[in-house]
Amino acid sequence: MLEASHISVNYGPIKAVRDVSIDVGRGDVVALLGPNGAGKSSLLSSLVGLVPKNRGTVVFDNEEVSRASTEDLIRRGMSVTPEGRRIFGDLTVGENLRLGAAIRSDKDGIAEDTEKFLDLFPILRKRFNSAARYLSGGEQQMLAISRSLMSRPKLLMLDEPSLGLAPRIVDQIFEFLVTLRQWGLTLLIVEQNASEVLEIADRAYVLSTGSIVFSGTANELSNSGGVMELYLGLEGH
Amino acid sequence: MTVKSSVLLGSAALGLLIALIGFSALLFAEPYHQRIVFIFMVNLIIVLGLQVFMGNCDITHFGHIGFMGIAAYAVAVLATPIAIKKTALATAPFGLSGIELPLFFAVPGAIAITLIVAFFVGLVMVRQTGVPATIATLAFLVVVHVVLLNWVDLTRGPRAFYGIPIKASLSTATAIAVVGVLIARMFRDSRWGVQLRASSEDAAAAAAVGVRMQRLRFAAWMLSALFLSVAGVLFALFVGTISPKSFYFELTFLTLAMLIIGGMHSVTGAVVGAIVVALGLEVTRFVENGPDIAGFELPQMFGLTGFYLGAVIVFGMAFRSEGIVGPQEIEEWWGSRQQGKQSDAGSSEAPNP
Amino acid sequence: MDYFLQQALNALSLGGEYALLALGLAIVFSVMGLVNFAHGELITVGGYAMFLAVLIFGVKDPLLILPVGVLAAIFFAVLLERVAFRPVRAAPPTTGMLMAFGISIILQNSALIFVGTRPKAVPTAEWLMLDVNIGSLRMPVVQLLEAGVTIGAITLLVVFMRNTTIGIAMRAAAKDFSTVRLMGIRADRVVRTAFAISGLLAGLAAVFIMARRGAVDPFMGFTPVLKAFVAAVVGGFGSLPGAVIGGFALGIAEVTLQATLPSSVAGFRDAFIFSAIAVLLLFRPQGILGERPDFGEKT
Ligand SMILES: Nc1ncnc2c1ncn2[C@@H]1O[C@H](COP(=O)(O)OP(=O)(O)O)[C@@H](O)[C@H]1O
Ligand SMILES: [Mg+2]
């Protein structure tokens, strides 16, 4: 589904991502882990064309898209739930969902999908016509994920979906990600919170100061105490 | 207060350049050309004053010429001989038609009046940020113009104010411009100037020192107004006849273009921009008047100088938005070129990655 | 009473003109952070287009001249975005603002060079110059239309911004442009739409300005747009409702002063108004509806 090879991202003199290659197969759930400042968000932003890549190629859905614009990549079936949710606070919940479906023109399909998410998250139905900024953090995250699904993506990339949320809410979010997995969606999940995501991921990459320091199955990572402790601050199993 | 040697060095280099222009005009040029060079010196002082505010606060200033107008009219009203005022300014308020101050009092008086106005306008200005601040400066220019046009008893309104004693000379203007460079450089590199520039670059840092920044910005505003008032007094005392339209958009555009194209973040940029745009302006004026070139008579093209200034700004912004000189001063420029040469040499030996 | 109603209509039509222009400025600013100093030239271009339509194509029917002015302003706004402002879209706000300022000077002086200094007359439809009598009240048709068209245009704009995907996207882009792009909505399209709307609003204003002046000259756009800028600052720069409120507030202030100032100081009207606004901004720096300044520029 997604093959990114030798990606580098620089901000002036700062090398945020150095020669990173990752591979996400159709239907896979892949975790991208690493401490704060490792370059995870930069990698994601470069994959979706929001920040320019200094080097590297991206193949998405069997097509080379290294130079494609963000708008183009979304239209081809990528979708991103950005770090910090970035919901449109001044717009209503309904308007947020509507913008998520901006690339589609099938009115009935859009209405159907909207209903689907409103059923999944009744709070969104209740607040459908009020400004999204009044939702709680967890509710905003549900809205943000729903919004990125409204384009019916082939690949959903989530940047730290559990960031700043209470443990009970984090569990809800991961439950929802399991549902998405059951729907057959391909997921690339960026997290600092390794333990939860490894329970639902097939494979994992660990990024540190811009480079990949581990790649393998989620099980391998869970069992490699060294990596877990060194980079993710966790006791291995 | 100690002055850094780099500041002295840079000011000396620029001052020498300006002095060279001034004295070669004094020695070799005809009166007509001396007049052009005098106006250039006045424009340079304006651009320096503009740099003090714009370069350090990063707020585009459209109102500077308003201060110049106030100072020019103030010195005119104070210093013009009573004999002339009897016919030209018979109905002046506050008994001003019966007053004729020697320059020794009239010049500081005019500058003080301008600074008092600047003080009150500054109170509003420093509370504004970004776009509203710029609009406020533009509105100020319009207010000054409206007042100059309509306070007929004091200014003769749209008619020219004549009979101002002609006392300024090219050597005075040159000397003031040289001192102006030094003052602008000292401010830019003082602790205040450095803080001001740092805070206009970084919004978060600025918020942390919010109140303090307002004070610094106020200081820059007042110093800028001082430059402009000196320029206004010099101008009035040189040409002897002024009218409100001398202090409106034409001069605003010209001096802004000079600063922008040179590079508003450095005093070197202000000087270089003033010189470059002035040279281009003389050429454009020549063409605008429809000269005979090699037997062909070119048509008059009214509006060409304005077009030239607009084009200078647009091309500057499109291709070199930091100006010809950029944010570095002349001595840093020299230093970094030396460094550049060294690192160039270094990289050519390194293998290609 | 009649006198009061007459003045109210004056204020409504003048305020409407400022509101249309201030809205155009605010839309472009909110979406892409550009302070469009060349906005006034959209009015001028609309005026010259009407003049040329009469001169070259011999368009006589005033009903045809009016849309020519509006369409020219829209076309020109979109053209300016494409050739002048797109290259500096990612640049700091000052660069874009000075760019617009330079463009404005170039356009004014091009008109001077190629068309001449003197105002060019454009015939105004006779029916526009008529008065309608309602009881003892005489209302000029131009003013009634201007007030009506302004209110209509603002209503349509509200509907557009609330009910179309691109309108909603424009509201979202005002706060977070890159997330709008993450929705797959093309940035170019959002920006172009903003310029087209600002051109449309300026074109409508141009039609009424032309009807009142009956002639076009190179600098005619300056004063109305300066007022519109001031109105936008008073309302809260970048806020669309603020632009409308600021525009009408300025119109009301001007008409009130015009009606009450003794003729000896009438010339100072704008100086009084701007000074009053300065005092207002002393107490409320962010304008009526603006958010508190954060000592940084929006990009
Ligand atoms: N827009 C930017 N400009 C400059 N440096 C940046 C920018 N965004 C991120 N960085 C730097 O790049 C590095 C990686 O950041 P980021 O990709 O956000 O890491 P992560 O998402 O893993 O926390 C950090 O050192 C960060 O400071
Ligand atoms: Mg991150």
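The values are calculated or read from the model by the stated rules, or taken from the named source; none is laboratory data. Everything numeric here is computed off the predicted structure, so don't read it as measured data. When we count neighbours, we look across all protein chains shown, and the Cβ atoms used for this are built from the backbone with ideal geometry, even at glycine. Side chains are part of the model used for accessible areas, which takes the heavy atoms of the whole protein and leaves out ligands, DNA and RNA. Shrake-Rupley method; radii C 1.70, N 1.55, O 1.52, S 1.80 Å.
Anything in region C:170-209 that is within 14 Å of chain A (Cβ to nearest Cβ), of a type outside the set (A, V, I, L, M) and open to solvent by less than 20 Å² (accessible area, probe 1.4 Å)? List them, or say none. Reasoning before the result, please.
Within region C:170-209, the first condition is being within 14 Å of chain A (Cβ to nearest Cβ), and the residues that meet it are C:170-193.
Those left that are additionally of a type outside the set (A, V, I, L, M): C:171, C:175-179, C:181, C:184, C:186, C:188-189, C:192-193.
Those that are within 14 Å of chain A (Cβ to nearest Cβ), of a type outside the set (A, V, I, L, M) and open to solvent by less than 20 Å² (accessible area, probe 1.4 Å): C:Thr179, C:Gly184.
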Quick count over region C:255-270, residues being assigned to a helix (DSSP H, G or I) and within 12 Å of chain B (Cβ to nearest Cβ), is 8
Lone qualifier among A:Gly49, A:Gly89 - being facing another protein chain (nearest Cβ under 9 Å), in a loop (DSSP other than H, G, I, E, B) and buried (at least 22 other Cβ atoms within 10 Å of the Cβ): A:Gly49
Would you mind listing the helices (runs of 4 or more DSSP H) fully within region C:149-241 where at least 3 residues are at pLDDT 95 or above and among the aliphatic types (A, V, I, L, M)? C:165-173, C:187-213
Just one of (1) open to solvent by 50 Å² or more (accessible area, probe 1.4 Å); (2) farther than 22 Å from C:Arg189 by Cβ; (3) more than 16 Å from ligand 2 (Cβ to nearest atom) trips up A:Tyr11, so point out which. (3)
Applying the selection to region A:52-86, what residues are within 10 Å of chain C (Cβ to nearest Cβ) and of a type in the set (A, V, I, L, M, F, W, C)? A:Leu73, A:Ile74, A:Met78, A:Val80
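Here is a yes/no grid of residues against (1) open to solvent by 70 Å² or more (accessible area, probe 1.4 Å); (2) aromatic (Phe, Trp, Tyr); (3) under 25 Å from A:Ser46 (Cα atoms):
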| position | (1), (2), (3) |
| --- | --- |
| A:Pro153 | no, no, yes |
| A:Leu177 | no, no, yes |
| A:Ile189 | no, no, yes |
| A:Ser208 | no, no, yes |
| A:Phe214 | no, yes, yes |
| A:Ser222 | no, no, no |
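Of everything in region A:22-61, what is touching a strand residue (DSSP E or B) at 6+ places or on another chain (Cβ under 7 Å), of a type in the set (S, T, N, Q) and within 12 Å of ligand 2 (Cβ to nearest atom)? Give them in sequence order. Walk me through it before giving the result.
Our first condition is that a residue be touching a strand residue (DSSP E or B) at 6+ places or on another chain (Cβ under 7 Å); within region A:22-61, this holds for A:22-24, A:26-35, A:38-44, A:46-48, A:51, A:53-60.
Keeping just the survivors that are of a type in the set (S, T, N, Q) gives A:41-42, A:46, A:54, A:57.
Answer for region A:22-61, where residues must be touching a strand residue (DSSP E or B) at 6+ places or on another chain (Cβ under 7 Å), of a type in the set (S, T, N, Q) and within 12 Å of ligand 2 (Cβ to nearest atom): A:Ser41, A:Ser42.
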For region B:87-133, which residues satisfy the criterion of being in a loop (DSSP other than H, G, I, E, B) and open to solvent by less than 50 Å² (accessible area, probe 1.4 Å)? B:Leu89, B:Ala92, B:Val126, B:Gln128, B:Thr129
Sole residue being within 16 Å of ligand 1 (Cβ to nearest atom) and of a type outside the set (A, V, I, L, M), chosen from A:Thr92, A:Thr57, A:Thr70: A:Thr70
For B:Ala318, indicate whether it is surrounded by fewer than 20 Cβ atoms within 10 Å (Cβ to Cβ), touching a helix residue (DSSP H, G or I) at 6+ places or on another chain (Cβ under 8 Å) and within 13 Å of chain C (Cβ to nearest Cβ). yes
Filter result (in a strand (DSSP E or B) and either away from ligand 1 (no atom under 12 Å from the Cβ) or touching a Gly at 6+ places or on another chain (Cβ under 6 Å) (or both)) within region A:25-46: A:Val29, A:Val30, A:Ala31
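A quick yes/no check of all residues on (1) open to solvent by 50 Å² or more (accessible area, probe 1.4 Å); (2) farther than 25 Å from A:Ala194 by Cβ:
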| position | (1), (2) |
| --- | --- |
| A:Asp23 | yes, no |
| A:Lys40 | no, no |
| A:Val65 | no, yes |
| A:Leu73 | no, yes |
Hits in region C:102-128 - residues which are open to solvent by 30 Å² or more (accessible area, probe 1.4 Å) and either outside the structural domain of C:Phe208 (by TED's automatic domain parsing) or of a type outside the set (A, V, I, L, M) (or both): C:Phe114, C:Thr117, C:Arg118, C:Pro119, C:Lys120, C:Pro123, C:Thr124, C:Glu126, C:Trp127
Please verify whether A:Ile110 is touching a Gly at 6+ places or on another chain (Cβ under 6 Å), within 14 Å of another protein chain (Cβ to nearest Cβ), farther than 27 Å from A:Val170 by Cβ and away from ligand 2 (no atom under 16 Å from the Cβ), treating the condition exactly as stated. no
Region C:230-247, residues that are closer than 19 Å to C:Asn10 by Cα and open to solvent by 40 Å² or more (accessible area, probe 1.4 Å): C:Ile245
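Tell me whether region B:274-286 contains one or more residues that are hydrophobic (A, V, I, L, M, F, W, C), outside any helix (DSSP H, G or I) and modelled with pLDDT of 90 or more.
As a first pass, look at region B:274-286 and keep what is hydrophobic (A, V, I, L, M, F, W, C): B:274-279, B:281, B:283, B:286.
Next cut, outside any helix (DSSP H, G or I) only: none.
No, there is no match, as no residue in region B:274-286 is hydrophobic (A, V, I, L, M, F, W, C), outside any helix (DSSP H, G or I) and modelled with pLDDT of 90 or more.
Looking at region B:248-263 only, could you name the residues that are open to solvent by less than 20 Å² (accessible area, probe 1.4 Å) and not hydroxyl-bearing (Ser, Thr, Tyr)?
First, pick out the residues of region B:248-263 that are open to solvent by less than 20 Å² (accessible area, probe 1.4 Å): B:252, B:254-260, B:262-263.
The answer is B:Leu254, B:Leu256, B:Ala257, B:Met258, B:Leu259, B:Ile260, B:Gly262, B:Gly263.
Scan the helices (runs of 4 or more DSSP H) fully inside region C:37-119 and keep the ones with 3 or more residues being more than 14 Å from chain B (Cβ to nearest Cβ). Even if it seems obvious, please write down each step before you answer.
Numbers: elements: C:39-55, C:62-80, C:93-114.
Once the helices (runs of 4 or more DSSP H) in region C:37-119 are filtered for at least 3 residues that are more than 14 Å from chain B (Cβ to nearest Cβ), what remains is C:39-55, C:62-80.
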For B:Met301: the one exception among (1) part of a loop (DSSP other than H, G, I, E, B); (2) more than 9 Å from every other protein chain (Cβ to nearest Cβ): (2)
Taking the residues in region A:10-24 that are within 8 Å of ligand 1 (Cβ to nearest atom) and without any contact (Cβ under 8 Å) to a residue 60 or more places away in the chain as candidates, determine which candidate is farthest from the other protein chains (Cβ to nearest Cβ). A:Ile14
When region C:79-101 is checked residue by residue, the ones that are more than 13 Å from B:Ser321 (Cβ to Cβ) and open to solvent by 40 Å² or more (accessible area, probe 1.4 Å) are C:Leu79, C:Arg82, C:Val83, C:Arg86
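Output the number of residues of region A:148-174 satisfying the condition of being more than 16 Å from ligand 1 (Cβ to nearest atom) and away from chain C (no Cβ under 14 Å). Don't jump to the end; show me each part of the working.
Step one: filter region A:148-174 for residues more than 16 Å from ligand 1 (Cβ to nearest atom), giving A:148-156, A:165-174.
Now narrow it down to the ones that are away from chain C (no Cβ under 14 Å): A:165-174.
So the answer is 10.
Consider region A:139-186. How many of its residues are more than 16 Å from ligand 2 (Cβ to nearest atom) and among the acidic types (Asp, Glu)?
To start, the set of residues in region A:139-186 that are more than 16 Å from ligand 2 (Cβ to nearest atom) comprises A:139-140, A:142-143, A:145-156, A:166-186.
Among the residues that remain, those that are also among the acidic types (Asp, Glu) are: A:139, A:171, A:175.
Qualifying residue count for the region: 3.
Collect the residues in region B:37-62 that are open to solvent by 10 Å² or more (accessible area, probe 1.4 Å) and more than 16 Å from B:Gly326 (Cα to Cα), keeping them in residue-number order.
We begin by selecting, within region B:37-62, every residue open to solvent by 10 Å² or more (accessible area, probe 1.4 Å); these are B:37, B:39-40, B:43, B:58.
B:Val37, B:Ile39, B:Phe40, B:Asn43, listed by residue number.
So, in region C:136-169, how many residues would count as being out of contact with any helix residue (DSSP H, G or I) (no Cβ under 8 Å at 6 or more places or on another chain) and more than 11 Å from chain A (Cβ to nearest Cβ)? Don't jump to the end; show me each part of the working.
So in region C:136-169, the residues out of contact with any helix residue (DSSP H, G or I) (no Cβ under 8 Å at 6 or more places or on another chain) come out as C:148, C:152, C:155-156, C:158-159, C:163-164.
Retained after the next criterion (residues that are more than 11 Å from chain A (Cβ to nearest Cβ)): C:148, C:152, C:155-156, C:158-159.
Qualifying residue count for the region: 6.
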Of (1) over 19 Å from the mean Cα position of the chain (by Cα); (2) among the charged types (D, E, K, R); (3) closer than 25 Å to C:Phe75 by Cβ, C:Arg213 fails just (1)
Is it true that some residue in region A:92-103 is open to solvent by 10 Å² or more (accessible area, probe 1.4 Å) and within 16 Å of ligand 2 (Cβ to nearest atom)? no
